[in-house]
Structure formats: structure tokens, C-alpha cells
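Step one of this worksheet: look at the structure below.
Just so it is clear, none of the values below were taken in a lab; they were calculated from the coordinates. Everything quoted here is computed from the prediction, not taken from an experiment. Cβ coordinates were reconstructed from backbone atoms using ideal geometry, including for glycine residues, and neighbour counts include every protein chain displayed.
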Amino acid sequence: MLTLVVEQVLNGLQLGLMLFLLAAGLTLVFGIMDMINLAHGSLYMIGAYLAATVAEASGSFVAAIVAAVVGTAVIGMALELTVLRPLYRRSHLHQVLATFALILIANELVRIIWGAQPVALNMPAALSGPVELAPGLRYPAYRLVVIGVGLAAALLLYVVVAHTRVGMWLRAGASDREMAGAMGVNTAWLFTAAFGAGAALCAVAGALLGPLLAVQVGMGENILILAFVVIVIGGIGSVRGALVGALLVGLLDTAGRTLLPALFRALAPPAVASEVGPALASILIYVLMAGVLYFHPRGLFPARG
Amino acid sequence: MASALHIRLHPLPTLLLVAGLAVLPVVLTAVDQPFYIVLASRVLIYALIASSLNLLIGYGGMVSLGHACFIGAGAYTAAVMVRAGADIAWLTWPAAALAGAALAAMIGVVALRTRGVYFIMITLAFAQMAYYVVVSLRVLGGDDGLTLPHRARYGFGLDPGSDTVFYWAVLVVVLLLMTGMRQLLNAPLGRALQAIRDNDTRMEAIGFPVFRIQLAGFVIAGAAAGLGGGMLADLNQQVSPSLLHWTQSGTLMVMVILGGAGRFLGGVLGAAALLLAQELFSDVTTHTALGIGLVLLAVVLFAPAGLAGLWRQVAR
Amino acid sequence: MKNKTCLLAGIAVLALASAAHAADKVKVGFMSTLSGPGAAIGVDIRDGFELVAKGDSGKLGGLAAEITIVDDQQNPDTARQVVERFTKRDRVDVITGMVFSNVLLPVMPAILGSKTVYISPNTGPEDYAAEKCDPHFFVVSWQNEDTAAAMGQVMNDRNLKNVYLIAPNYPGGRETLNGFKRTYKGTIASEVYTKLGQLDYAAEIATLRAAKPDAVFFFLPGGMGTNFIKQYVSAGAQQDAKLYTPGFSADEDTIKSVGEPMVGILNTTQWAHDLDNPANRKFVADFQKAYGRLPTMYAQQGYDAAQLIAAAVRDTGGKIEDKAAFLKALQAAKFDSPRGKFRFNTNHYPIQDYHLREVIKDSTGRITNKTIGKVYSDYADPFAARCTMK
């Protein structure tokens, strides 16, 4: 039983950290530029496809990640400069629509370039086996690496945001954009850089999750919704909020899927349990989000006063 | 008195349009193209649903990214009723509208406490909840959805299996509702809704019950979308969770903006344009979505008033 | 007013175009899952299907074949609209291609209501095997329970006492596990249903391992199975409980993407690429020549769907507009199937043999399936007795 709990906590941690990589970029863009970017999930997809292509060509997983990060960041910045910049001053409705259009376009372009079938991205052979963490507790080596990379990225982001000048600008921009501009922060450059960084984090998540899930058209949309839930719970614009929100969502989702059906089986008649358990498990995080918004309409760690 | 807000309908073009729509299935049957009767019915139903979202977005300033859940509420209600034998359209359709209204009331009470981005997100979250509840509940068929053994009956000796009869029934309902929407927008409630869209703080300050007016608008839109869902269930003789998927909400938003948010016929134009374009291009290319995406992006960037707006610009 | 004239003119043109239809060709509406995690299945069925017409200069049974290929996106709503187009606009003679029962079941009433022939190259649901059996509905593959029932038998023979079951929560998944339970005599450790299209099985694998079963029987078609096996192996779980599956998740497509860890997996099927008969040798060779890969059972099923149409067209002398004769010719099914013996039962589902395969590494180092025995001869599904064909 204990090994099961440890294993599920690790699974939740892995999901949470990957969500954080997506949510961090989203929350910065959202917080600093006041811009809803539904196409953030498309950058995740593009990152995964680039990784799969480079991995296939070079045979090196590390090269694949590096290429995906660089390529996606470039694409992200190009997108920011051309399409998104004119949208900053438009209403949220227009932002939602334009970026929804970008999703449609990205999906079709990927389908044209790579085909409708999922593309293979295999984990490095050295990591494809299990690691014995404790007697009787074997955990996939690759998932441990994913957790490690996720933690490292979170730490790096924390250091950058909390202890560097760029981070100071970012925080200033998120809490009061005009004031930051007036104080001499070059916001135009900052926006592009922040967008590129967000895209790069997407690519890391896409490349790492590719071997565990599937590199396919539409992969970005479901995870995007989860990332939105994360930043709304955490408070838009707050990187710390995104981390807390991501871990909450990751752990709650995994725990809910394992424990709730078991709990209902123990408490309720089987007919009821088999219906209600899974239903409740899959909406748990949305209930959490609605609850948080009801009591803290601006999330747990609001970036703005 | 004709205020700027008053929605006028010119009698002659309106009459011609209605007459044209009414004889359409006769013509299509005469040339032996029954497929297009089904397509026309789908366009009419989506015109209604998109108009209900237009009421929220265009007239009420409530940008909901969860409209699909009301379609789902209506569609599943109608499907369950038909399967249970309560298969009279004049029962299932109002019930579908009621289901949409009830769900909208529940969601609206919570969601309308938030503003701006948070409103978009919380409507999305509620719609996702509805989606996952439907997917998980076996009584609603889970992933498989439900199949209707036949369409709901209409009485009056009308054949429920006939696509033409179904089309006419839908046409009558949609025309009635569009007339109702015009009345609503010309009435004090509709005016207040538009005023709140433009400045909710001021409306609050001069004593309007902003929350209740918005909730009323939200519930009315939910009811219309639910009714549309009930008719969709009959049209397809099946309901599935994909009706509630969030991309469905996005597509409806696309229809509204494409047609022209805050224009009376915006939803109708948008639904017709999008569905007909999909049908037209589906034979030529499998990449229809690319074209739709590009057009949508261009509309948002360069013609935010949509097709209805372009129409006016050209007319001028 | 001008617009309306244009519209009418357009409709008239469309009407003329479709009125030109006569039985100088056979129109096939091929709708399958060609995108998403189930795409590999649809692609194999399509490639197998097209192989027949390609080998006969675009003809099926002597008539020019007009095959319209459409992706159903594994979405019943999309499928429904495609079916409307096939039946009411294109007026195809035969519809075929669907992979998943949750797509097929909702659209079937519309197809059968329009009296169009449907030939299932994959899912064979219980619904249409029993009371609802229909003269226009044919299954060239298997009934959903068949391969699983065969595996239940195999696991009895191998004395596996405590088996953990996992399948997606859709009709095909539930029927497959029912088939297994129909023959398997031991204890069921647990019966888990996952979401159709789920890709991450970490939570399920952890729970599964905690239950300590002797073996695992899983049915996860397409990309789901690929992911499950990869994740199962990378968690080191196959040291605790070996995997058993119907042939779907241990076929050449899965082997190609999973590789080495597949070796040793036992699976049951109606066909294998090493079955020794002339039709099979020709099929495997032709398929490899055309597509550069080994065929899967899905490809064989698509191939036989096309062969069935070709045979019926040939036996009616091309007069497929005589519906009764066409249906009779389909029912008689006179063609050489790569699987060997094949005939339709009274419910239009197959009566055929089922084999046991093992994934092996052959002398050249290639990982592939090898037939190691026959489980059933002339097996018929248990539902046919309840069918009274109209």
C-alpha cells in the first residue's frame, strides 16, 4: 500500500511539474501583456514535433530537446512580433478568437507537414527501464528524469524571476505595466523575450512528454485547458502561484483517479460507486478551480493588488 | 421613435427570405437532393444557437467560452426523453430549453460574480465539468453517447421520419425565436443589457440590478442553446459528448464573430457561412480548418465587425 | 433575386451530376479513423482495401471502383454527417471502413435505414450479431468477443489462476472483456475500464501492480496499446505479471514502435502473416511490395472486405443494382481469404479458425509474430442463434 502511495505521489508530481512548465509561460504572457493565448498549447505541440523530427534524424534525445527548445522559442517570438502584438490592446474576446484561429492553423499545418498519424518519439534506451527506489518499489527511470528536469526548470525560473534584473522587470510588468514602462523598462523587448521563454518551456514539456504520451495533432488542446486551470487557481501573473497550482492539480488529479473510485467502492453500493467515482474523479480539478474562484476571485496568489 | 438601438427589419427582404427558406425543401426534393435538406436544417439550428451566443457576447458583453454545455444539456434531455417514450417534439424541445435554462442559471449565479478574463475561464471550467460528467456517467452512454430510435413526433399526422417535415418544424421554431430575440432587444431588458455591456459600473450606480439583468440574459441564452441542442438530437438521432467539447464553444464564438457580434443577424450569417464553407470545401480538401483559421485571423485583425459589418461598409 | 437563381442553377447541376449514376461502376464509401491515436488501424484497413482494386487496375469484380475515402476522426458526429453524404448525396452502393464500435453503433441505423450495404472490416458488435442482425450488415473480421474468448481458453490451458483485466470504456472494450470472461475459468483480480484514447497509464499500472495478479489480459487498440506496453515495460512490471492480449495490440504496427520488449507476448487472432496457404502468400507478398511493411490483421480485414465486394460484383455479373442478388452474392462469399477457411454464419458474422501467436525474435534478428497453435476450429460466435435474418 505504501509503495502504491509513493508511486502515485511521484506520478502526480510528474504531471504537476509538466503542467507548471506550460503554465509558467502562460501566466507570464497573461500577467504582463494581459493577453489570453489559447495557442500556447500549439507551441507545446510544435515543440514535440520538432523534437520527434530531430530525434529521428540525429538519434540523440538531448539534441532533440535542444533543437525543440530553440526552434519553438524562435517560432514563438516570430508569432509574437507578427500576429500577437497588434492584439495586446484589443479585447479579450478578440484575443481568444485570434489565438483560436492560430490553433486551427497550427493543427492543419502540422497535419500537412507531418501527416495525420501520430509521430514516434522514443525515450532514450538507457532510460527505458525501471529504477529500484526501495525494495519492491520500481519506478520508470524516464519519469524520474522528467521530474528532475521539471524541478530544475522550476528552480531556474525562480532564480531568474526572483533574483535577476530581468525578473524584476517581469514582476514590475505583471503588477503595473504602465508604471514599469514609465520607469524605463523596455516593455516591447521584454514582451518578446517573455514570449520566447514561455515557448521554450512549452517545448521542454512537449519533448519530455512526447515519449510518454503521443506526438499527435491536437495534443496541445487538452493540456492547455489544464494549464489554464492551473494559472487561474494560482492567480494570473504569478509564477509562484503557477507552481503551487500545478502541483495541486497534478497531485489532486492523480490522487482522485486512484483513491476516489476505491473510496466510493468502500462506502457506496457498487452500482452507485461505479458511476459516481470516476465522474467525480475527472471533474475534481474543475471543482477545485470553481471553489478557489468563489472564495478568491483572483486566485491564490494574485500578482496585482 | 427609432433610436439607434432599435432593430429594424425591412418587410420586403424579410418576407422574401422567409418564403425562400420555406420552399427550399420542396425545391430540393424536386431536384432529388434530399441531403441538402438535412444540411439546411443543421444550418438553421446552429443559426439559433449562434444567435443565442451573440445575445451574450454581442449584446451582453458576457464572453462565455462554455456555451456548448447548454447545447449538451438540451440534447441529452431530449435524447433521454425520446428513449423513454416521451417522444413528442412539443414536449422534448421545451424540456431541452428548460434544461439549458436551468444549467445556465446554476452556472450564471457563480460565474457572473467574476469579470473579464476570469469570466471566460470560469465558463470554460464549468463547461469542462459538464463534459466530464457526461463522459463518465454510464446512464448517459459515457463516451459512446446515446442513439435515438427515431425522431420526436409532432402530431397533426406529420411524418416524423421525413427530413422535410423536420426542416419545417425547425424553421418555424427558429423564426419564432429570432422574432422573440428582436422583441427582447427592443424591450427595456434588452436595452439595459446593452447598457451594462458598455458600462456596468454606471448602470450599477444609477440603480439597475446589474447582476439580475445579466443573469436573465444568461438564462435566456442558455434556454435558446438548450432548445437548439434538443433539435440537434433529433436531427442526428444521436447525442455524444463531442457536442459539449470546448472546441465546440470556440467554434460557436467563431460563428458569432465571423457573422458580426452585436449585429442582429450576426449569429445567423456566421453559422451559415461557416457550415456552408465546411460543406463546400470538404470535398475539395481535408484541410478546411486551415482556411477557416486564416479567414478568422484576418477578420479579427482587419474586420472586427464581421460579415454583417462588411455588409454595411459595402452598402454604404 | 440573382442569388436565388444562382442557387437553383447550382442545385440543378448537382442533380444532373448524380443522375448520371448507373451500374457502370461500383461506388464505395470508405470511412475510417485516419487521424489521432487510432489512425494506424484505419490506415492499415485502407491500405489492405485499396490493394485489391490496385491489383485489378482500379476495378472490383470487373466494375470500375469509385472509392471515396473519408476520415471519421473517431467522432460519431463527424461520422454521422459523412454517412448522410454517402447515403443521400453520393448514393454509394457499399459503405465500409469503420474501426471503432462507438463510431459504428450510432451511425448504423442511418446506414441500414437507407438500405445501403455495410461491410465491417473491423468491429463486430454484439448488437447486430443477435436479434438486430440485418440483411445489409456484414462483418468480415470477427465478433468482438471471439479473439478474447480464444485467449481465455489459452489462459485456462496455461493454468493462470488470477488475471487482471484492462480495456477502454466503450462497447468494443466491454464486449472483449465479456468474451474473455465467457471462457476464462480462473479468478478475475480486477476489471478496469479506462477512457477511450487515454495515453498515460501510470496510475493504472501502479494500481495493477499493487494487486499482484498472475497475468494481465489487456485490450487497448491502436496507440493506446503501444503506450500501455511501453509504460508497462518501463515500470518493470512485466517481471511481476506477463501480458496477454488479442492480436490487435501485438501486431506488426505495435511491434514496430515498441520493439524488443514485445518479445514473448502471446496473442490470439483469426489470421497471421505466416499462415501457409496460397492466398495468404500472395497477400503478404503484394502488401509488402506495395507498402514496404508487413501487413497486420487490420490490413487483412480491409483486404477481405474489398475481396468480398469484388466477389459479389463478379458473381452478379456486375448487375449490383439488383439489390437482392447482390445481397445473396455477398452472403455466399466466394473468395480466397488469406486466413484460409472463411464463411458467413446466419447472422453475417464469420465462422473461422482462431490461432495463437507469439512475438519472437527470428534467426535474422527481426521481431515478429509466429503462429504456435490453433485455439479454435470453425468457431462461431454465441449470438448467431438469436438472429432470425429477415
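Once you have a ≥ b ≥ c as the square roots of the Cα gyration tensor eigenvalues for segment B:43-199, tell me rounded if a/c is under 1.5, and otherwise prolate or oblate according to whether a/b is larger than b/c. In terms of gyration-tensor shape, oblate. Highest mean packing first, where packing is the average number of other Cβ atoms within 10 Å per residue, the peptides A:158-169, C:102-113, B:110-121 line up as C:102-113, B:110-121, A:158-169.
Between the Cα long axis of helix A:165-175 and the first principal axis of chain A there is an angle of about 90°, rounded to the nearest 10. If you take the Cα centroid of segment A:25-95 and the Cα centroid of segment C:43-75, the two points sit 39 Å apart. A simple packing score, the average count of other Cβ atoms within 10 Å per residue, orders the peptides B:152-163, C:231-242 as C:231-242, B:152-163, with the highest score first. Residues B:I213, B:I257, ranked from the fewest to the most other C-beta atoms within 10 Å, line up as B:I213, B:I257.
Within 10 Å of the Cβ of each residue in C:178-191, the mean number of Cβ atoms contributed by other protein chains is 0. Largest mean-square fluctuation among B:A225, B:A216, B:A97, in a Gaussian network model of chain B whose springs join Cα atoms under 10 Å apart, belongs to B:A216. Sequence-ordered 3J(HN,Hα) estimates for segment C:88-95 from the Karplus curve with 6.51, -1.76 and 1.60 and θ = phi - 60° stand at 9, 9, 7, 6, 6, 7, 9, 10 Hz, glycine and proline given as x.
Lysine pairs in segment C:264-336 whose alpha-carbon atoms fall under 25 angstrom of each other, counting only those eight or more residues apart or on distinct chains, come to 4. Amide H contacts for C:V192 (H built 1.01 Å from N in the peptide plane; partners 5 or more residues away or on another chain; cut-off under 5 Å): C:L165, C:I166, C:A167. Based on DSSP H segments of at least four residues, each scored -39500 (n - 2.57), the protein assembly as shown has a per-residue ellipticity at 222 nm of -20000 deg cm²/dmol. Among the trypsin sites (Lys or Arg not before Pro) in segment C:251-332, those located in a DSSP loop and surrounded by at most 13 other Cβ atoms within 10 Å of their own Cβ are C:K319. Around the amide H of C:I67, modelled in the peptide plane, lie the amide H atoms of C:V28, all under 5 Å away and 5 or more residues distant in sequence or on another chain.
Counted by neighbouring Cβ atoms within 10 Å, the residues B:F70, C:F287, C:F100 run from fewest to most as C:F287, C:F100, B:F70. Within the straight-line cut-off of under 16 Å between alpha carbons, the aspartates and glutamates reachable from C:K59 are C:D24, C:D47, C:E50, C:D93, C:D304, C:D315, sequence neighbours fewer than 8 places apart in one chain being disregarded. Multiplying each eigenvalue of the alpha-carbon gyration tensor of segment B:126-185 by 5 and taking the square root yields semi-axes of 30, 22, 7 Å, largest first, rounded to whole angstroms. Shielding value for A:27-38 is 1, the average number of Cβ atoms from other chains within 10 Å of each residue's Cβ. Working note: Cα atoms of segment A:2-295, range along each principal axis, descending, whole Å: 61, 51, 38.
Dividing the alpha-carbon Rg of segment C:163-252 by 2.2 N^0.38 Å yields what?
Taking N as the residue count of segment C:163-252, the ratio is 0.98.
The C-alpha atoms of chain A define a longest principal axis, and helix A:187-209 lies at about 20 degrees to it. Close amide H contacts of C:G318 (hydrogens built in the peptide plane, cut-off under 5 Å, sequence separation of 5 or more or a different chain): none are found. If only the Cβ of Lys and Arg carry +1 and only the Cβ of Asp and Glu carry -1, the dipole of segment B:21-245 around its Cα centre is close to 560 debye. Peptide B:129-138 has a mean of 6 when you count, residue by residue, the C-beta atoms of other protein chains within 10 Å of its C-beta.
When both segment B:50-65 and segment B:99-137 are represented by their alpha-carbon centers, they are found 14 Å apart. Taking θ as phi - 60° and the Karplus parameters 6.51, -1.76 and 1.60, the scalar couplings of segment C:215-226 work out to 7, 10, 10, 10, 10, 9, x, x, x, 4, x, 4 Hz in sequence order, x denoting glycine and proline.
Pop the C-beta distance of C:A324 and B:V165 into the FRET formula with R0 = 35 Å and round what comes out to the nearest 0.05.
Given R0 = 35 Å and the Cβ-Cβ separation, E is 0.70.
Calculate I(q)/I(0) for segment A:142-260 by the Debye formula, one identical point scatterer on each C-alpha and no solvent, and give its log10 at q = 0.12 Å⁻¹ to two decimals. Taking Cα atoms of segment A:142-260 as identical point scatterers yields -0.53. Each residue of segment C:324-337 is assigned a 3J(HN,Hα), and the resulting list reads 4, 5, 4, 4, 5, 5, 5, 4, 6, 6, 9, 8, 8, 7 Hz, derived from the Karplus form 6.51 cos²θ - 1.76 cosθ + 1.60 (θ = phi - 60°), x at Gly and Pro. Considering only B:I37, B:F302, B:A277, the residue lying farthest towards the positive end of the dipole of chain B is B:F302, judged by Cα position with unit charges set on Cβ.
Computed over the protein assembly as shown, the alpha-carbon pair-distance distribution with 20 angstrom bins reads 13, 44, 36, 8, 0, each value a whole percent.
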